[in-house]
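The values are calculated or read from the model by the stated rules, or taken from the named source; none is laboratory data. Everything quoted here is computed from the prediction, not taken from an experiment. Glycine also receives a Cβ, built like all others from the backbone with ideal geometry; neighbour counts cover every protein chain displayed. Just the protein is used for accessible areas: all its heavy atoms, side chains included, with ligands, DNA and RNA removed. Shrake-Rupley method; radii C 1.70, N 1.55, O 1.52, S 1.80 Å.
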Amino acid sequence: MSSQALTQQLKALKDKRKSGELDQRSFYQEILSLTIKMLQELKEENISDENVKKQIPLMLVFLEEQLSKMRDRGS
């Protein structure tokens, strides 16, 4: 799936949330599913070592923040 297709899916989800078609929990679950799709694409993407180096800090911030919040919720 291309970045363009993923972007279109995200826009559609945001539009559904804005129009009230998705409640907060459903929106959360849908964006988690979209994140999984994106991560699979990133895993399979053939990118340069330089781009990998740039991605690592962003991925670490995301993971550390989410793990901290999970811990705070008792998970």
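Quick notes on this one:
- Flag if MET38 is without any contact (Cβ under 8 Å) to a residue 60 or more places away in the chain, closer than 24 Å to MET1 by Cβ and open to solvent by 70 Å² or more (accessible area, probe 1.4 Å): yes
- Annotation: TYR28 fulfils all but one of (1) at pLDDT 95 or above; (2) loosely packed, with under 10 Cβ neighbours inside 10 Å; the unmet one is (2).
- Within this structure, GLU44 fails the test of being within 17 Å of the chain's Cα centre (by Cα) and surrounded by 10 or more Cβ atoms within 10 Å (Cβ to Cβ).
- In the range 48-70 there is no residue that is assigned to a loop (DSSP other than H, G, I, E, B) and surrounded by 10 or more Cβ atoms within 10 Å (Cβ to Cβ).
- Annotation note: of LEU34, LEU22, LEU13, LEU6, the sole residue that is part of a loop (DSSP other than H, G, I, E, B), touching a helix residue (DSSP H, G or I) at 6+ places or on another chain (Cβ under 6 Å) and among the hydrophobic types (A, V, I, L, M, F, W, C) is LEU22.
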